[in-house]
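K.L.:
Okay, handing you the structure first.
The values are calculated or read from the model by the stated rules, or taken from the named source; none is laboratory data. All figures in this text were calculated on a predicted structure; none of them were measured in a lab. FYI the Cβ positions are ideal-geometry reconstructions off the backbone, even for glycines, and counts take in every protein chain you see. Remember, those area values only see protein heavy atoms, side chains included, never the ligands or the DNA or RNA. Shrake-Rupley method; radii C 1.70, N 1.55, O 1.52, S 1.80 Å.
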Amino acid sequence: AGPCDIYASGGTPCIAAHSTTRALYSSFSGSLYQVKRGSDNTTLNIGPLSAGGVANAGAQDSFCASTTCLITIIYDQSGRNNHLTQAPGGAFRGPEANGYDNLASAIGAPVTLNGQKAYGVFVSPGTGYRNNAVSGSAKGDQAEGMYAVLDGTHYNGGCCFDYGNAETSSTDTGNGHMEAIYFGDNTVWGSGSGSGPWLMADLENGLFSGANPKNNPADPSISARFFTAAVKGTANLWALRGADATSTGGSLTTYYSGARPSVSGYNPMSKEGAIILGIGGDNSIGAQGTFYEGVMTTGYPSDATENAVQANIAAARYAVTSLVSGPALSIGSKVSLRATTSCCTTRYIAHSGGTVNTQVVTSSSAAALRQQATWTVRAGLGYSGCVSFESVDTPGSFIRHYNFDLQVAANDGSKQFREDATFCPQTGLGSAGGGSSFRAWGYPTRYIRHYNNLGEIASNGGVHVFDSPSLFNDDVTFVVGAGFA
Ligand code: AHR
Ligand code: AHR
């Protein structure tokens with residue numbers, strides 16, 4: 001059985017089932033998600049390898065070879081057509097043209113399920129999916145349940161990495177107009193014990209960990225790499241439950257179960273029934289997180305039903321896999337990074353003060369320039385499976401992105417710095433073949449690119465001038481060689 005077969009047996013069927021990693025019904029063999037590639041803007045639907053099975057990641061890998069791919073649609077497996085697509089602007093505009101949110105990279109969140117590769121949905125700030133015309137979702141004070149499997153190590157304090165029920169207008173229409181899973185370490189509203197991240201419920205104008213709108217010490221900080229988050233709500237009753245998604249004990253821990261928050265506007269609820277992923281109800285786009293699978297139900301699922309779903313998730317055996325490909329970069333080595341675009345094959349990534357650029361460098365260049373174009377490879381400061389580049393002439397300073405420009409800056413030790421300084425090497429996208437492309441860990445649609453001889457993190461066809469699709473693949477491909485200094 002799949003999670004939605006279990007919810008149906010419990011009398012609380014799924015009205016939406018979203019996953020890029022696997023079928024959530026044992027008989028489901030339709031499309032799980034759609035990807036669009038940068039080379040020709042064509043799309044491909046990805047289904048499971050067999051009915052009820054894991055997504056056919058190999059089909060995606062073939063289709064996306066030597067180009068970039070975005071996740072354009074996360075299909076609803078329930079038969080109700082409650083698909084998630086690129087979120088439109090709401091009270092807050094998204095970063096794409098016409099105020100739409102960004103789409104997720106198709107390769108930002110690789111995992112394995114029972115040893116088979118699949119891809120989750122890596123949400124960077126600015127990324128969001130939504131459906132404002134859902135069939136069968138809870139409205140007003142009606143009962144519903146939901147769960148999601150998330151990456152417990154990918155989060156931030158921005159508003160709001162959510163999956164669940166939200167406003168149909170993409171605007172904040174008042175307390176109680178949402179009921180969604182929230183995951184992160186935002187403390188503007190509620191919090192749990194420790195420093196987070198926490199599972200909370202986004203009920204609009206508040207992230208709630210319990211009845212007290214400020215804090216529930218029974219809501220723990222989460223450290224599991226794969227985390228099952230569950231929220232459910234009915235008339236003056238709601239619950240927060242969670243577990244390590246790989247734990248085979250077959251139960252969720254209840255962090256809260258009881259009355260609605262003790263502030264006005266949440267009893268009764270005024271749910272509107274849209275579904276959001278990665279954003280707040282009003283299209284707040286500050287948050288990050290990773291989503292693998294999730295469902296919305298009608299009716300208030302029993303704890304026993306949710307525990308059976310957790311056992312099913314554990315049996316799917318989510319596990320980590322490598323984020324890198326292509327030529328290996330050895331940690332501790334000193335390297336140079338040569339551009340491969342035909343304009344620029346004598347230019348190397350270098351820096352002038354805080355600015356990252358490309359410069360023509362040879363072994364007979366002045367010592368200062370040779371140092372400026374040489375980088376020490378370090379284990380990724382934000383994710384050790386990727387890399388960071390430490391400046392040879394300014395030890396302790398690293399290449400990072402800021403507002404999508406590359407800079408060399410001193411490591412201030414913050415989580416933001418460490419993530420912004422982390423890049424995942426992959427087989428070069430360039431037309432010549434070979435080389436490496438460096439994906440920004442936190443923005444996997446974006447790669448280190450030289451554009452007008454300046455360093456940026458660029459997406460293949462975005463709103464910035466440096467996102468131009470012209471020469472994109474070559475501009476993001478570098479040959480890693482010996483350092484000059
Ligand atoms: O409730 C927290 C957030 O507040 C909601 O997601 C958003 O709509 C509002 O800004
Ligand atoms: O470069 C994009 C973002 O810009 C970085 O993650 C952040 O540090 C800055 O706001």
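K.L.:
At 0.36 nm per residue, and after removing the present C-alpha to C-alpha distance, how many nm does the segment from S221 to A315 gain when stretched out fully? Spell out each step's value before the answer.
P.N.:
Values: separation 94, 0.36 × 94 = 33.84 nm, distance 2.42 nm.
Result for the pair: 31.4 nm of gain on full extension.
K.L.:
Let me ask something else about it. Under a 1.4 angstrom probe, counting protein chains only, how are F404, F161 ranked by accessible area, largest first?
P.N.:
Most to least solvent-accessible, the answer reads F404, F161.
K.L.:
Alpha carbon centre of region 305-328 versus region 207-230: separation in Å?
P.N.:
Rounded to whole Å, the Cα centres lie 22 Å apart.
K.L.:
Using a simple spin-label model with points 7 Å from Cα along the Cα→Cβ vector, what separation in nm is obtained for V360 and A259?
P.N.:
7.7 nm
K.L.:
At a 1.4 Å probe, what is the % contribution of carbon and sulfur to the accessible area of the chain? Don't skip to the answer; put the middle values down first.
P.N.:
Numbers: 8110 of 16190 Å².
Accessible surface attributable to carbon and sulfur in the chain totals 50 percent.
K.L.:
What is the distance, in nm, between label points placed 7 Å from the Cα along the Cα-to-Cβ direction at N45 and at S431?
P.N.:
Result for the modelled spin labels: 3.4 nm.
K.L.:
Here's another thing I want to ask about it. If you take the Cα Rg of region 26-89 and divide it by 2.2 N^0.38 Å, with N the number of residues, what do you get?
P.N.:
Working: Rg = 12.4 Å, N = 64, 2.2 N^0.38 = 10.7 Å.
With N residues counted in region 26-89, Rg over 2.2 N^0.38 Å equals 1.16.
K.L.:
Which three extents, in angstrom, do the Cα atoms of the chain have along their principal axes, listed largest first?
P.N.:
Projected onto its principal axes, the Cα set of the chain covers 75, 45, 43 Å.
K.L.:
Here is a further query. Can you give the accessible area per residue of the chain, in Å², using a 1.4 Å probe?
P.N.:
Averaged over the residues of the chain, the accessible area is 33 Å².
K.L.:
Quote the FRET efficiency, to the nearest 0.05, computed for T112 versus A59 with a Förster distance R0 of 25 Å and r equal to the Cβ-Cβ distance.
P.N.:
Details: r = 16 Å, r/R0 = 0.65.
Given R0 = 25 Å and the Cβ-Cβ separation, E is 0.95.
K.L.:
Give the calculated FRET efficiency between S470 and T248 to the nearest 0.05, with a Förster radius of 45 Å applied to their Cβ-Cβ distance.
P.N.:
0.30
K.L.:
Mind scanning K139/K214; K117/K232; K139/K232 and naming the pairs with a C-alpha gap bigger than 21 Å?
P.N.:
K139/K214; K117/K232
K.L.:
Rounded to the nearest 500, what is the chain's calculated 222 nm mean residue ellipticity when only DSSP H runs of at least 4 contribute -39500 (n - 2.57) each, over all residues?
P.N.:
-2500 deg cm²/dmol
K.L.:
Stretched out fully, how many nm does the piece from T187 to D303 gain, at 0.36 nm a residue minus the Cα gap?
P.N.:
Length gained between T187 and D303: 39.0 nm.
K.L.:
For S333 and A91 in the same chain, what is the full-extension length gain: residue separation times 0.36 nm, less their Cα-Cα distance, in nm? Walk me through the numbers before you get to the answer.
P.N.:
Working: separation 242, 0.36 × 242 = 87.12 nm, distance 4.77 nm.
Gain on stretching S333 to A91: 82.3 nm.
K.L.:
Once label points are set 7 Å from the Cα along Cα→Cβ at both T345 and D141, what is their separation, rounded to one decimal in nm?
P.N.:
Distance between the two pseudo-spin positions: 7.3 nm.
K.L.:
Give me the Kirkwood hydrodynamic radius of region 138-268, using the inverse of the mean 1/r over all pairs of distinct Cα atoms, in Å to one decimal.
P.N.:
Numbers: mean 1/r = 0.0694 Å⁻¹.
Value: 14.4 Å, from the Cα pair sum.
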